[in-house]
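Asker: Here you go, one structure.
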Amino acid sequence: MPTAFITHDDCQLHDMGEIHPECPGRLGAIQDQLLASGIHGVLYHHDASEATREQLLRVHTPGYLAMLDAQSPRNSTVQIDRDTILTPHTLRAARLAAGAVIKAVDLVMAGVVQNAFCAVRPPGHHAERSKAMGFCFYNNVAVGAAHALEIHELERVAVIDFDVHHGNGTEDIFQHDPRVMLCSTFQHPLFPYSGHEPTGRNIISCPLPPGASGARFREAVMDVWLPNLEIFRPEMIFISAGFDAHRDDDMADLRLTEPDYAWVTRQLLQLAETHAGGRVVSTLEGGYELHALGRSVTAHLKELSGV
């Protein structure tokens with residue numbers, strides 16, 4: 001079965017300013033590299049649809065959704081925090097980003113595709129149940145995981161997060177939920193300065209020091225993630241695929257490279273084959289050096305698609 005590639009042109013309309021690292025060009029860089037590599041043509045392309053209010057309410061509070069709607073500007077910008085800015089196009093892009101993960105879940109669960117990658121923005125893993133931060137508004141991966149649990153009636157799902165920043169929003173939403181295991185690596189200390197003390201038994205955190213190499217990352221995966229995931233036996237694997245731990249990305253100080261992203265993708269695919277019928281849904285989080293981002297996503301997708 002093919003790999004789905006889900007995106008939408010309107011995700012590029014969300015623009016927080018010329019010097020902002022979370023820029024529309026991120027998606028263009030991915031598309032360019034996929035075309036150059038020849039992999040673009042083997043993917044099963046889909047446009048995202050917007051997540052509904054009901055779907056967002058599975059992981060966000062009514063008051064939070066109302067606050068975002070009320071603050072959404074018509075023709076200016078609204079600063080949520082120093083790095084997180086609402087524009088007239090933001091909430092549509094954010095609903096499309098969350099809706100892409102829902103569509104990915106539905107395609108995978110229907111057996112139309114084996115797995116899926118969502119090339120969307122804004123990212124989501126910093127968005128807490130009732131707080132926007134860190135470039136994020138709706139928690140895309142959490143919306144998708146909740147959809148798999150509630151609509152497809154799965155009993156156990158895993159969320160794997162290898163972004164260089166801790167996915168505080170995903171942890172806030174799923175802490176103490178026995179149906180979800182969250183496994184993450186991230187640089188510590190670094191924004192959002194959390195994660196080093198897990199908040200629930202289902203939270204498997206592996207903070208990495210500045211300068212940590214791909215070898216150190218692989219040790220954390222092999223020694224910590226995989227043994228816990230084998231015990232948990234997830235029925236679907238979600239990936240918060242942040243590529244800002246790449247050595248060329250100046251957002252932080254980890255030293256991962258494309259082979260590391262390919263390797264961890266293979267490990268997760270093998271786990272999914274054993275426990276989840278091969279079902280994997282991946283969605284873009286960070287990655288801000290555009291060339292490294294394009295190469296890293298291509299390496300990730302080559303493994304997902306078996307090319």
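The values are calculated or read from the model by the stated rules, or taken from the named source; none is laboratory data. Everything numeric in this text was worked out from a predicted model, so none of it was measured. Counting neighbours? That spans all protein chains shown, and the Cβs are built from the backbone with ideal geometry, glycine included.
Asker: Kindly establish whether Thr283 is under 27 Å from Ile19 (Cβ atoms), touching a helix residue (DSSP H, G or I) at 6+ places or on another chain (Cβ under 9 Å) and not in a helix (DSSP H, G or I).
Answerer: It is true that Thr283 is under 27 Å from Ile19 (Cβ atoms), touching a helix residue (DSSP H, G or I) at 6+ places or on another chain (Cβ under 9 Å) and not in a helix (DSSP H, G or I).
Asker: Another question, if that's okay. Quick check on Leu269: is it surrounded by fewer than 23 Cβ atoms within 10 Å (Cβ to Cβ) and within 17 Å of the chain's Cα centre (by Cα)?
Answerer: Criteria met by Leu269.
Asker: Still on this model: Picking from Leu269, Leu226, which residue would you name as being touching a residue at least 40 places away in the same chain (Cβ under 8 Å), farther than 27 Å from Ala97 by Cα and not in a strand (DSSP E or B)?
Answerer: The unique qualifying residue is Leu226.
Asker: Only one of Val159, Val164 is crowded, with 23+ Cβ neighbours inside 10 Å and assigned to a strand (DSSP E or B); which?
Answerer: Val159
Yes or no, residue by residue, for (1) assigned to a strand (DSSP E or B); (2) in contact with a strand residue (DSSP E or B) (Cβ under 6 Å, 6 or more places away or on another chain); (3) farther than 16 Å from Leu268 by Cβ; (4) among the small types (Gly, Ala, Ser):
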{"position": "Ala104", "(1), (2), (3), (4)": "no, yes, no, yes"}
{"position": "Ala116", "(1), (2), (3), (4)": "yes, yes, no, yes"}
{"position": "Gly124", "(1), (2), (3), (4)": "no, yes, yes, yes"}
{"position": "Ala142", "(1), (2), (3), (4)": "no, no, yes, yes"}
{"position": "Thr185", "(1), (2), (3), (4)": "yes, yes, no, no"}
{"position": "Ser194", "(1), (2), (3), (4)": "no, no, yes, yes"}
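Asker: Looking only at the stretch 10-34, filter to residues that are touching a strand residue (DSSP E or B) at 6+ places or on another chain (Cβ under 8 Å) and surrounded by fewer than 15 Cβ atoms within 10 Å (Cβ to Cβ); which one of those is farthest from Phe117 (Cα to Cα)?
Answerer: Gly17
Asker: Name every residue in the stretch 130-143 that is surrounded by fewer than 24 Cβ atoms within 10 Å (Cβ to Cβ) and under 16 Å from the mean Cα position of the chain (by Cα), in order of residue number.
Answerer: Matches in the stretch 130-143: Met133 only.
Here is a yes/no grid of residues against (1) in contact with an Asp or Glu (Cβ under 6 Å, 6 or more places away or on another chain); (2) β-branched (Val, Ile, Thr); (3) buried (at least 22 other Cβ atoms within 10 Å of the Cβ); (4) modelled with pLDDT under 95:
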{"residue": "Arg82", "(1), (2), (3), (4)": "no, no, no, yes"}
{"residue": "Leu86", "(1), (2), (3), (4)": "no, no, no, no"}
{"residue": "Ala104", "(1), (2), (3), (4)": "no, no, yes, no"}
{"residue": "Val120", "(1), (2), (3), (4)": "no, yes, yes, no"}
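Asker: Give the residue that is nearest to Glu128 (Cα to Cα), with candidates limited to residues of the stretch 44-67 that are buried (at least 16 other Cβ atoms within 10 Å of the Cβ) and among the charged types (D, E, K, R).
Answerer: Applying the filter and picking the extreme gives Arg58.
Asker: Considering the stretch 197-223 alone, what residues qualify as being in contact with a Leu (Cβ under 8 Å, 6 or more places away or on another chain), in contact (Cβ under 8 Å) with a residue 40 or more places away in the chain and either in a helix (DSSP H, G or I) or on the phi > 0 side of the Ramachandran plot (or both)?
Answerer: Correct list: Gly211, Gly214, Phe217.
Asker: I need the full set of residues from the stretch 284-307 which are crowded, with 21+ Cβ neighbours inside 10 Å and among the polar types (S, T, N, Q), in order please.
Answerer: Ser296, Thr298
Asker: Taking the options Asp172, Asp163, Asp244, Asp248, name whichever one is over 17 Å from the mean Cα position of the chain (by Cα) and acidic (Asp, Glu).
Answerer: Asp248
Asker: For the stretch 170-184, state whether one or more residues are at pLDDT 95 or above and more than 20 Å from Phe238 (Cα to Cα).
Answerer: So far as the stretch 170-184 goes, no, none of its residues is at pLDDT 95 or above and more than 20 Å from Phe238 (Cα to Cα).
Asker: Could you give every pair whose Cβ atoms fall below 7 Å, whose first residue belongs to the stretch 1-20 and is closer than 17 Å to Cys136 by Cβ, and whose second residue is among the basic types (Lys, Arg), counting only separations of at least 6 or pairs across chains?
Answerer: Cβ pairs passing all conditions: Cys11/Arg121; His14/Arg121.
Asker: Identify the single condition in (1) on the phi > 0 side of the Ramachandran plot; (2) in contact with a Pro (Cβ under 6 Å, 6 or more places away or on another chain) that Ala94 does not satisfy, given that it satisfies every other one.
Answerer: Result: Ala94 passes all but (1).
Asker: Same structure, new question: Taking Leu208 as the residue in question, decide whether it is under 20 Å from Val141 (Cα atoms) and either surrounded by 15 or more Cβ atoms within 10 Å (Cβ to Cβ) or under 17 Å from the mean Cα position of the chain (by Cα) (or both).
Answerer: No, not satisfied.
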